[in-house]
Amino acid sequence: MTDNKKLLLIDGHSVAFRAFYGLHSQLERMKNRNGLHTNALYGFHNMLEVIVDKEKPTHALVAFDAGKTTFRHKYFEEYKGGRSKMPSEFAEQIPYMKDLLKGFGLKSYELPDYEADDIIGTLAREAEEKGFEVVVLTGDRDLTQLASDHVRIDITKKGVKDLKEHTKDSIQEEMGITPEQIVDMKGLAGDASDNIPGVTKIGEKTALKLLHEYGSVENLYEHIDEMKKSKRKEYLIDEKETAFLSKKLATIDRDAPVEISLDELDYDGQDMEALISFYKEMDFNSHLSKLDTTDYMEELAEELTEIDSTFVEEIDASMFKDGMALYTEMLDENYHHSEIICVAWGNKDNVYVADPKTVFQSDAFKNWIEDEAMQKVVYDAKQTYVALNRNELTIKGISFDIMLASYLLTAEDSSSGDLVDVAVKHDYQGVSPDEMVYGKGKKISRPEDESRMHDHLARKVLAINTLSETLDKELKENEQEDLLKKMELPLAMVLAEMEIQGITADAERLEKMKGEFQETLDRVEKQIFKEAGEEFNINSPKQLSVILFEKMGYPVIKKTKTGYSTAQDVLEKLRDQAPIVEYILEYRQISKIQSTYIEGLLKVIDPETSKIHTRYLQTVARTGRLSSVDPNLQNIPIRLEEGRKIRQAFVPREKGWKIYASDYSQIELRILAHISEDEHFIKAFNDDEDIHTTTAMRVFDVDDASKITPNMRRDAKAVNFGIVYGISDYGLSQNLNITRKEAKEYIDTYFERFPGVKTFIDEIIRQAKEQGYVETLFHRRRYLPDINSRNFNLRSFAERTAMNTPIQGSAADILKMAMIEMNKRIKEEKMQATMLLQVHDELIFEVPEAEIEKLEKLVEEVMENTVQLSVPLKVDSSYGDSWYDAK
DNA sequence: AGCGAACTCT
DNA sequence: CATGAGAGTTCGCTT
């Protein structure tokens with residue numbers, strides 16, 4: 001051996017198929033969050049890991065079969081006939097193989113008309129001629145014919161990671177023939193699995209005997225006359241053609257027109273980024289956590305080309321130009337509390353980095369920030385606004401936000417808050433993750449070497465600058481420019497003001513409630529322990545299920561992945577037979593209020609101002625809705641009286657003022673009416689009818705509204721909801737506690753009576769399948785990669801998303817526009833009323849008594865008329881001394 | 001530190 | 001076969 005080159009060739013399909021059956025018993029357990037089976041991918045992954053680690057190849061390739069037919073079918077149509085169809089659980093995993101291979105840094109190759117065997121055979125020959133060692137990984141014994149002095153064939157055994165190695169010698173020893181003779185063997189004996197016929201009455205034993213005597217099929221027929229007369233000889237003579245054909249079929253073509261050269265196959269290890277995203281996609285969390293990313297991180301850092309930036313201790317006006325990018329660095333994501341630790345700004349010509357102390361003392365900086373005419377581009381306009389506001393600066397003239405732009409373009413989660421995610425998503429590699437500079441978890445801190453931080457920030461500024469141009473172009477191509485510049489960006493400013501304003505919370509009220517709820521909890525807890533006959537942690541579903549289903553022996557109604565379900569709907573079914581569950585339900589309800597709402601809210605009230613400042617996340621919800629965190633003020637209880645009382649703690653900032661709430665009535669169904677153009681729906685809304693009653697009348701075929709019972713209306717309401725969410729008969733039956741058949745009848749009648757809705761659903765799904773995404777009324781997009789998936793769950797989910805997103809998303813768009821307009825009008829009118837909160841279809845204000853009438857008129861005018869649909873939009877308003885009383 | 005179950009809202 | 005949209009927080013429990 002003159003050199004150490006080693007080529008690893010993998011028979012992709014056969015190895016994956018072996019992996020699939022190797023982990024077949026795990027089939028139902030191994031699914032990702034979307035319901036995609038992952039057992040073949042998992043097994044294949046582990047095999048790759050083992051073989052790559054063991055062999056340390058210098059070159060590698062994974063070969064696949066291309067299409068159904070190969071050149072062999074020309075000679076023999078039935079080749080590989082009689083094979084049963086691939087199970088769909090396996091087939092659905094195939095498209096993801098390429099992601100797995102990408103992660104391993106392995107190239108793959110297929111060749112029309114040829115099988116993977118031929119590709120492998122050809123490359124193995126070439127490589128051996130050039131002095132390589134060759135290892136072939138396959139699940140298929142056929143490949144053993146390729147074994148030679150420098151070619152070894154590894155075949156997967158039943159256990160997933162076990163391999164059996166086949167060398168020229170081991171084959172000779174086990175089979176008694178050379179690897180080359182294996183095809184002669186098949187010529188005579190055939191191969192049932194590939195539907196290769198062979199010669200009648202000749203099996204492996206006979207073939208072996210014949211081959212020992214004659215060596216090959218060709219030689220056998222040359223000397224066939226010397227064979228003494230026998231039935232076998234007759235068969236051999238009669239089926240001479242078949243024997244040659246069979247040999248030909250079984251022979252791997254070692255001279256296939258493979259157009260990839262060995263040089264291209266050099267292997268340089270895993271592609272960390274691709275591997276991480278593959279693990280995430282498949283929910284391979286154990287792999288994810290054991291991944292050693294330090295090498296990768298260092299590598300990334302080295303890859304960054306050097307950039308120029310200036311750390312400045314004195315600032316002057318010459319450092320600011322129109323169109324520059326600006327970034328303010330904070331270590332905690334909650335910008336209401338987190339300190340700015342460094343500031344950077346600049347463009348492609350100059351990047352400046354400075355300490356906040358320097359920046360906030362500078363008049364030149366202040367002039368630039370507050371000059372509307374000087375445009376700035378940023379990452380996260382709202383964060384930037386709030387951060388500067390806390391330093392007595394009001395930023396004006398933000399013209400672009402790459403975080404918002406990226407969200408509009410891909411509607412993918414960029415909530416990690418790290419600019420690097422957005423950059424990488426748009427193929428910009430010049431910036432590193434925050435984690436690399438500041439560390440992660442509890443250890444997040446300023447780097448000791450300050451210059452590292454300065455460089456990091458300078459890179460962010462350059463990234464913002466560069467990406468703002470490319471993303472702007474992409475937005476224009478998608479007709480989404482207005483969505484950014486007239487909706488999301490102005491909204492970011494409005495939200496910033498709302499967050500900074502905050503809502504006043506009455507801590508004393510909460511403290512008082514806390515005491516009362518604690519008494520209830522103690523009392524209910526005692527009763528539960530008495531019924532159970534022992535003490536345990538009621539908050540632990542695991543301990544609770546032991547008590548309920550094992551100790552007390554109540555029937556199990558539903559199971560979760562990890563054990564018995566003790567969810568609300570399950571407990572409600574046990575209510576009649578199990579007195580204890582009544583107490584458990586009460587305990588759960590109250591303890592949720594206590595921990596999340598009372599104790600949780602008390603923790604986030606600013607003791608100085610008595611205010612709560614939530615943060616609205618503008619780039620999380622895939623439909624375009626906002627979400628609210630730290631705390632979430634969009635899920636304050638209302639349905640049950642006990643929880644609703646929490647709202648008494650939300651009060652106006654001044655005595656004598658009121659909390660004023662306005663919500664859109666049935667906005668989603670009105671949008672459905674508008675988009676679907678269903679005449680019955682449109683008429684009902686134009687006539688201001690009660691939509692659920694009208695639905696009930698049509699579905700139950702009743703001609704008089706007075707004959708609609710509350711139950712009929714309730715059912716109709718559930719169906720209307722179901723339509724908006726993308727209904728299934730099963731889901732509706734669960735919801736209404738009726739049979740699946742009855743639910744199906746409801747749905748069928750509904751579609752019959754509202755044909756426009758049916759047409760809308762069919763049409764939106766068709767459109768989604770064709771273009772791969774759906775849009776709201778205002779061009780907000782959501783891509784649906786699974787809409788044509790062969791996996792039922794994935795596809796169904798995408799179909800429901802296709803119908804729900806235009807509805808939910810258009811409602812979100814309308815609210816956003818109304819908020820921008822309201823903010824503007826309140827300022828124009830110089831009102832004291834203040835917009836405080838948004839809860840998906842409602843806006844909450846605080847208002848002086850004297851302005852109530854004016855606000856009422858303004859809110860209605862704005863909310864009902866910001867957008868004109870083919871049905872009217874209707875707003876219901878109310879006010880009171882607290883949020884509780886605004887009902 | 002991260003996940004799943006349970007709960008809250010529109 | 002599995003089975004209604006979009007979110008966030010808290011808890012217990014495992015790593």
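The values are calculated or read from the model by the stated rules, or taken from the named source; none is laboratory data. Everything numeric in this text was worked out from a predicted model, so none of it was measured. Don't worry about glycine lacking a Cβ; one is built from the backbone with ideal geometry, like all the others, and counts go over all protein chains shown.
Overview of values
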read-out	value
Unique residue being buried (at least 17 other Cβ atoms within 10 Å of the Cβ) and either touching a strand residue (DSSP E or B) at 6+ places or on another chain (Cβ under 7 Å) or within 13 Å of A:ILE598 (Cβ to Cβ) (or both) when the list is A:LEU544, A:LEU548, A:LEU495	A:LEU495
Hits in the stretch A:435-465 (condition: β-branched (Val, Ile, Thr) and in contact with a helix residue (DSSP H, G or I) (Cβ under 9 Å, 6 or more places away or on another chain))	A:VAL437, A:ILE444, A:ILE464
Elements of type helices (runs of 4 or more DSSP H) contained in the stretch A:29-125, each with 2 or more residues being farther than 24 Å from A:LEU146 by Cβ	A:39-55, A:88-91, A:94-104
Boolean, A:LEU211 is modelled with pLDDT of 90 or more, surrounded by 23 or more Cβ atoms within 10 Å (Cβ to Cβ) and part of a helix (DSSP H, G or I)	no
Number of positions in the stretch A:505-550 that are within 30 Å of A:ARG653 (Cβ to Cβ), away from DNA strand C (no atom under 15 Å from the Cβ) and either touching a Lys or Arg at 6+ places or on another chain (Cβ under 6 Å) or assigned to a helix (DSSP H, G or I) (or both)	8
Which listed residue is in contact with a Leu (Cβ under 8 Å, 6 or more places away or on another chain) and either of a type in the set (Gly, Ala, Ser) or over 30 Å from A:GLU55 (Cβ atoms) (or both), from A:ILE260, A:ILE237, A:ILE224	A:ILE224
Residues of the stretch A:259-272 that turn out to be surrounded by 14 or more Cβ atoms within 10 Å (Cβ to Cβ) and either of a type in the set (Gly, Ala, Ser) or in a helix (DSSP H, G or I) (or both), as a count	3
Subset of the stretch A:408-463 that is basic (Lys, Arg) and touching a strand residue (DSSP E or B) at 6+ places or on another chain (Cβ under 8 Å) - its residue that is farthest from DNA strand B (Cβ to nearest atom)	A:LYS460
Positions within the stretch A:557-575 being surrounded by fewer than 16 Cβ atoms within 10 Å (Cβ to Cβ) and under 32 Å from the mean Cα position of the chain (by Cα), in sequence order	A:LYS558, A:LYS559, A:THR560, A:LYS561, A:THR562, A:GLY563, A:ALA567, A:GLN568, A:ASP569
Criterion (within 10 Å of DNA strand B (Cβ to nearest atom) and without any contact (Cβ under 8 Å) to a residue 60 or more places away in the chain) met by exactly one of A:PRO637, A:PRO631, A:PRO555	A:PRO637
Any chance A:LEU571 is in the same structural domain as A:PRO541 (by the TED database) and within 14 Å of DNA strand B (Cβ to nearest atom)	yes
Residue count, the stretch A:315-342 (criterion: farther than 20 Å from A:ILE500 by Cα, free of Cβ contacts under 8 Å to residues at least 40 places away in the same chain and in contact with a helix residue (DSSP H, G or I) (Cβ under 8 Å, 6 or more places away or on another chain))	0
A:GLN589 surrounded by fewer than 19 Cβ atoms within 10 Å (Cβ to Cβ), touching a residue at least 24 places away in the same chain (Cβ under 8 Å), within 35 Å of the chain's Cα centre (by Cα) and within 10 Å of DNA strand B (Cβ to nearest atom)	yes
Set A:GLY417, A:GLY397, A:GLY346: member being surrounded by 20 or more Cβ atoms within 10 Å (Cβ to Cβ) and at positive phi	A:GLY346
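Yes or no, residue by residue, for (1) under 24 Å from A:GLN868 (Cα atoms); (2) free of Cβ contacts under 8 Å to residues at least 40 places away in the same chain; (3) within 16 Å of DNA strand B (Cβ to nearest atom):
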| site | (1), (2), (3) |
| --- | --- |
| A:ARG713 | no, yes, no |
| A:GLY726 | no, no, yes |
| A:LEU736 | no, yes, no |
| A:TYR750 | no, no, no |
| A:PHE754 | yes, no, no |
| A:GLU770 | no, yes, no |
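This table checks each residue for (1) over 30 Å from A:GLN838 (Cα atoms); (2) surrounded by 18 or more Cβ atoms within 10 Å (Cβ to Cβ); (3) acidic (Asp, Glu).
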site	(1), (2), (3)
A:ASP427	yes, no, yes
A:ALA458	yes, yes, no
A:ASP482	no, no, yes
A:LYS486	no, no, no
A:GLU508	no, no, yes
